[in-house]
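All remarks here apply to the structure that follows.
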Amino acid sequence: MLVGLVGRPNVGKSTFFKAATLADVLIANYPFATIKANSGMAYVKIEDLAPEFGKVSNPREGFVKDGKNAKGEILKGKWRFVPFELMDVAGLVEGASEGRGLGNAFLNDLAGADAFIHVVDMSGETDAEGKPCEDFYPGEGLEVIERELDKWYYGILIKVWKTFARTVEMQKQKLAVAVAKQFSGLKVSEDDVKDVIRKNNFDAEKPSAWKEEEVFRFARELRRFSKPMIIAANKMDRPKSRENFEKMKNDFDYEMIPCFAEGELALREADKHGLIEYVPGEDDFEVMRELSDKQKSALEEIKKEMKEFGGTGLQKILNKIVLEILEMIAVFPAGDKLVDSKGNVLPDCYLMKKNSTALDFAFRLHTDIGKNFVKAIDIRTKRAVGKEHELKHRDGLEIVTR
């Protein structure tokens, strides 16, 4: 699974990326600070399984953080952060689909993404080109990104459409099969195409009769369906951000979550260096060491924003895109004692598609485990379940093979 960060130049994408991954990337106040795509591991925040059994996990990938139980007492290892791949690409400008700016590289990098987080500068202090300005309406920048992504899909389709559509009709091929093949490099599935055709009443029997605007609308709907997008409403600490946010909520039908990527990055760096104790996604932090006046002042300003929005918003966005929009669940390989051969507690946790089965999970662990599947044991109930058993979020299963 790959999530792509998109947006205009200079809106805070690289800050968002660094805050989410703590990867060492260039952050600069000018357009196209990012030229080559940056890829790193971001994390979904879930409640770990180990504390239910009085243990603390030792993740092979990701990490755990302490939290609090219902009584407000410290619960060791309550939160688990499960990794997934996040990619930050070059900022997109008008004309990118025709190669302007870093357009071709940008779009090629995005081809393998399953979904997009669109970082929007809510302050109105950068224009569509990423240059400093005043009173720019961020909705215009969002429309630029939408148009370029739509033209990207349309360009792939229209250059072959006439021949393609006639061939489908003459050979009595299924339109969904043919379109999915044409878009295979963009992770478009046959089911994606079928859903777009059904929900928008496109005539799948006579595609050669479609007008050019119908082909464009089809490409647009296919893009929206196959690469769902959430809006990270960034820079909410700036004076005009709230006003712009409210207007954009009325003008667009995307999910929009307020965020403050710069504040999140400062918190994660301070936590990394032991200055504070911070759990991503929470609305507060604890100071652990003596701070300079400058550090105190900066953290107090961040705390004000956190209290207003219930946190910096960044972790909420990551969880939303993975667990809700992409409909993933977290599943633990868990033997009877929850430890592997080296004594590590629940070292692994896998993100699986919702509605996955016990057999799907066995194959995810290893092809041979899937082929030799006999049954699975639910770690909580100790019940044996079969290969068709549908998994739930935070399940722990031991796979038994022959």
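The values are calculated or read from the model by the stated rules, or taken from the named source; none is laboratory data. Since the model is a prediction, treat every value here as computed from it, not as a measurement. With ideal geometry, Cβ positions are generated from the backbone for all residues, glycine too; neighbour counts draw on all protein chains shown. To get the accessible areas, we keep the full protein, side chains included, count just its heavy atoms, and leave off ligands, DNA and RNA. Shrake-Rupley method; radii C 1.70, N 1.55, O 1.52, S 1.80 Å.
Would you grab the residues whose amide H sits under 5 Å from the one on Ile276? Only those 5+ places off in sequence or on another chain, please, with H modelled 1.01 Å from N.
So Ile276 has HN proximity to Asp271, Met288.
Given that just one value was derived from the coordinates, which of (i) 27; (ii) 45; (iii) 23 is percent of Cα pairs over 39 Å apart?
Comparing each candidate, only (i) matches the computed number.
Stretch Val56-Met170 to full length: gain in nm at 0.36 nm per residue minus the Cα-Cα span? Kindly include the intermediate steps, with their values, before the conclusion.
Values: separation 114, 0.36 × 114 = 41.04 nm, distance 6.21 nm.
Extra length available between Val56 and Met170 comes to 34.8 nm.
Could you look at the chain and say what percent of its accessible area is carbon and sulfur, using a 1.4 Å probe and all protein chains?
Here it works out to 48 percent.
With every protein chain in place, what's the accessible area of Cys259 (1.4 Å probe, Å², nearest 10)?
Result for Cys259: roughly 0 Å² accessible.
In debye to the nearest 20, how big a dipole does the chain give about its Cα centre with +1 on each Lys and Arg Cβ and -1 on each Asp and Glu Cβ?
Values: 64 positive and 68 negative charges, 310 e Å.
With Lys and Arg at +1 and Asp and Glu at -1, about 1480 debye.
Among Pro207, Gly281, Ile231, flag the residue with its Cα farthest along the positive direction of the charge dipole of segment 205-298, charges on Cβ as +1 for Lys/Arg and -1 for Asp/Glu.
With unit charges placed on the Cβ atoms, the residue in question is Pro207.
Taking Cα pairs under 8 Å and at least six residues apart, what relative contact order does the chain come out at, in percent? Mind showing how you got there, number by number?
Working: 765 pairs, mean separation 66.5, N = 402.
Across the chain, relative contact order equals 17 percent.
Nearest 0.05, what FRET efficiency do Lys159 and Lys354 give at R0 = 35 Å with Cβ-Cβ as r?
After rounding, the FRET efficiency stands at 0.45.
For a test of the definition: using alpha carbon positions, the gyration tensor, and the 1.5 limit on a/c, classify segment 159-208 as rounded, prolate or oblate. Before the final figure, lay out the partial values.
Values: a/c = 1.84, a/b = 1.18, b/c = 1.57.
Cα axes put segment 159-208 in the oblate bin.
Might you work out the accessible area of Thr167 for me, using a 1.4 Å probe with all protein chains in place, and round it to the nearest 10 Å²?
Surface open to solvent at Thr167 totals about 50 Å².
How many Å² of accessible area per residue for segment 306-400, probe 1.4 Å?
Dividing the accessible area of segment 306-400 by its residue count gives 49 Å².
When the solvent-accessible surface of protein heavy atoms is calculated with a 1.4 angstrom probe, in what order do Lys174, Lys296 fall, highest first?
Working: Lys174 145, Lys296 95 Å².
Listed by decreasing accessible area, they come as Lys174, Lys296.
Once every DSSP H run of n ≥ 4 in the chain is given -39500 (n - 2.57) and the sum is divided by its residues, what mean residue ellipticity at 222 nm do you get, rounded to the nearest 500 deg cm²/dmol? Can you show the working numbers first?
Working: 13 runs with 141 residues, N = 402.
Roughly -10500 deg cm²/dmol at 222 nm, from the helical runs in the chain.
If you stretched the chain out fully between Lys249 and Lys68, how much longer would it get, using 0.36 nm times the residue separation minus the C-alpha to C-alpha distance? Provide the component values of the computation, followed by the final result.
Values: separation 181, 0.36 × 181 = 65.16 nm, distance 3.39 nm.
Taking Lys249 through Lys68 to full extension adds about 61.8 nm, to one decimal.
Cβ neighbours within 10 Å, averaged per peptide: list 385-392, 336-343 in order, most packed at the top. All intermediate terms of the calculation are to be shown ahead of the outcome.
Numbers: 385-392: 14.6, 336-343: 11.9.
Packing proxy ranking, top to bottom: 385-392, 336-343.
For Glu190 and Glu47 in one chain, what is 0.36 nm times their gap in residues minus the Cα-Cα distance, to one decimal in nm?
Details: separation 143, 0.36 × 143 = 51.48 nm, distance 3.45 nm.
The span from Glu190 to Glu47 would gain 48.0 nm if fully extended.
For the full complex of protein chains and a 1.4 angstrom probe, list Asp271, Asp121, Asp360 by accessible area with the highest value first.
Numbers: Asp271 35, Asp121 0, Asp360 70 Å².
Solvent-accessible surface, decreasing: Asp360, Asp271, Asp121.
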